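Only one structure is covered here, and it is reproduced in the block below.
The values are calculated or read from the model by the stated rules, or taken from the named source; none is laboratory data. Predicted model, so just to flag it, every value in this text is computed and none were measured. Reconstructed Cβ throughout: ideal geometry from the backbone, glycine too, with neighbour counts over all protein chains shown.
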Amino acid sequence: MTTDRDVAPGDTRLSPNFWRLWTGESVSAFGTYVTLLALQVLVLVTLHGNAQDVGWVNAARWLPYLLFGLLVGAWVERRRRQPVMIATDLLCGGLLAVIPLAWATGVLSVPVLVAVVFLYGAAALCNDAASMAALPRIVPRNNLQRAHALSDGSSAVAQTAGPALAGVLIRVLGAPVAVLVDAASYVFSAVMMGTLRLDEKRVLPGRFESSVRRDIGDGVRWIYRGHTLAPLAIGTHVWFAANATLGVVVPTFALHTVRLSVLQFSITSAIAGLGAVVGASITTAVGRRLGTGRTIITAHLISVVGVVVMALAFASHNWAAMTTLAVGQGLHGIAMGMSNSHETGYRQAVTPDELQARTNITMRAFNRAVIVVFAPVAGLLATVIGTRASLLVAAGVFALAVVVLAASPVRQANIMEPR
């Protein structure tokens, strides 16, 4: 059996196992971006909700990370990754199929949507933990940033095409039915995960001498006592606070304040994805020139500019407003495409294999916890001070992330080989 261990550490090729994983997750990402726009339209248009309702739905998506994230990291560490990925892909698809069913039977409401999204988030949490822990086993250290850049690139393509397709599907079939595209994508991902050839021996809990509490503590200490990982983690948490604000404010700003149509808003979201494609395609070259830390800091600076541009759409009308919003979202997309592969690749490169699941899911848990806290706050903020002012607040928080990272050892961090 050919496994990824057959790829030498100095080899720049990526193994067949990586490409199987990449294919499944890329198709799933495409469906996810369809659902992201569909959920926003469901709340704001179909269910006649407001920014606060969007905040609650967004918070429900990530609440499982806050409640169960650390436990799931330790739980996955004790199990084979592949069966977990397959089972949770199927569970995610099944839960998403509940949304159009509830709509068709006339029982769909914001509370029902919050409950389904919460359960979906719990399944996705287990899937994330297993997938993130599996990747360093199939990709050598020197290829981790490149592997993440490729994954970010495919996700960016999905972010570009997904909202555009969602806009068409929502117009023709309605937002609830559009969610079925994502359900089908998870079934495809489960099939691809089943084709992985991973040499994973059965791991029994009894083989571990340490307790779950100690396992969790080891993962937390590895991140927050690290010379470089600690400030990187803090800067990332601040970034997530700003991005959580955007997730609530931007759709409300576009659909209610600027009064774009759903199709126009889907186009601006697609431009954000196009920007992410550009960012992911140039990030490896930029990283070789600037280094890992400086590339992350530069990307966050671009986000600051992008969000300020978004706020300027308030002074425009219709297509001019759409264009301004699209430019701002495109800049933020470039920033996201540039930063993520360096942040995640660096963290995985310096983390031992036995800590991968706990470290990765600890970061994701705390990042998503930030979303859980700030999404409802952002909804309240938009209601009290308005969406435009809330965008400027988000720009300020992005700027704070830049300051945190630039004033720390992160600016010197580097896993890239210079040209």
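In this structure, Ala29 does not qualify as more than 18 Å from Ala130 (Cβ to Cβ), in contact (Cβ under 8 Å) with a residue 12 or more places away in the chain and assigned to a helix (DSSP H, G or I). Only one entry in Ala129, Ala115 is more than 22 Å from His48 (Cβ to Cβ) and aliphatic (A, V, I, L, M), namely Ala129.
Just to be sure before I move on: is Ala51 among the small types (Gly, Ala, Ser), crowded, with 20+ Cβ neighbours inside 10 Å and out of contact with any Leu (no Cβ under 9 Å at 6 or more places or on another chain) in the structure I sent?
On the way: among the small types (Gly, Ala, Ser): yes; crowded, with 20+ Cβ neighbours inside 10 Å: yes; out of contact with any Leu (no Cβ under 9 Å at 6 or more places or on another chain): no.
So Ala51 does not fit the description; no.
Consider segment 349-359 and keep the residues that are surrounded by fewer than 24 Cβ atoms within 10 Å (Cβ to Cβ) and over 11 Å from Asp215 (Cα atoms). The one that is modelled with the lowest pLDDT is Asp353.
Residues checked against (1) of a type in the set (A, V, I, L, M, F, W, C); (2) touching a residue at least 40 places away in the same chain (Cβ under 8 Å); (3) part of a helix (DSSP H, G or I); (4) under 24 Å from Gly379 (Cα atoms):
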{"residue": "Val57", "(1), (2), (3), (4)": "yes, yes, yes, yes"}
{"residue": "Tyr65", "(1), (2), (3), (4)": "no, yes, yes, yes"}
{"residue": "Leu90", "(1), (2), (3), (4)": "yes, yes, yes, no"}
{"residue": "Gly106", "(1), (2), (3), (4)": "no, no, no, no"}
{"residue": "Val112", "(1), (2), (3), (4)": "yes, no, yes, yes"}
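Can you go through Ile86, Ile138, Ile99 and tell me which one is of a type outside the set (D, E, K, R), crowded, with 23+ Cβ neighbours inside 10 Å and more than 17 Å from Val177 (Cβ to Cβ)? Quick ask: steps written out before the conclusion?
Details: Ile86 fails: crowded, with 23+ Cβ neighbours inside 10 Å; Ile99 fails: more than 17 Å from Val177 (Cβ to Cβ).
When all the criteria are applied, what remains is Ile138.
Within this structure, Arg388 fails the test of being surrounded by 20 or more Cβ atoms within 10 Å (Cβ to Cβ) and of a type in the set (D, E, K, R). In the set Ala175, Ala97, Ala124, Ala184, only one residue is over 29 Å from Pro16 (Cβ atoms) and either at pLDDT 85 or above or in contact with a Phe, Trp or Tyr (Cβ under 6 Å, 6 or more places away or on another chain) (or both); that residue is Ala97. Taking (1) crowded, with 24+ Cβ neighbours inside 10 Å; (2) without any contact (Cβ under 8 Å) to a residue 40 or more places away in the chain in turn, Ala378 satisfies each apart from (2). Cβ-Cβ contacts under 8 Å between residues 6 or more apart (or on different chains), taken from a first residue in segment 273-301 that is farther than 20 Å from Gln412 by Cβ to a second residue that is of a type in the set (Asp, Glu), are listed as Ala276/Asp152; Gly279/Asp152; Ala280/Asp152.
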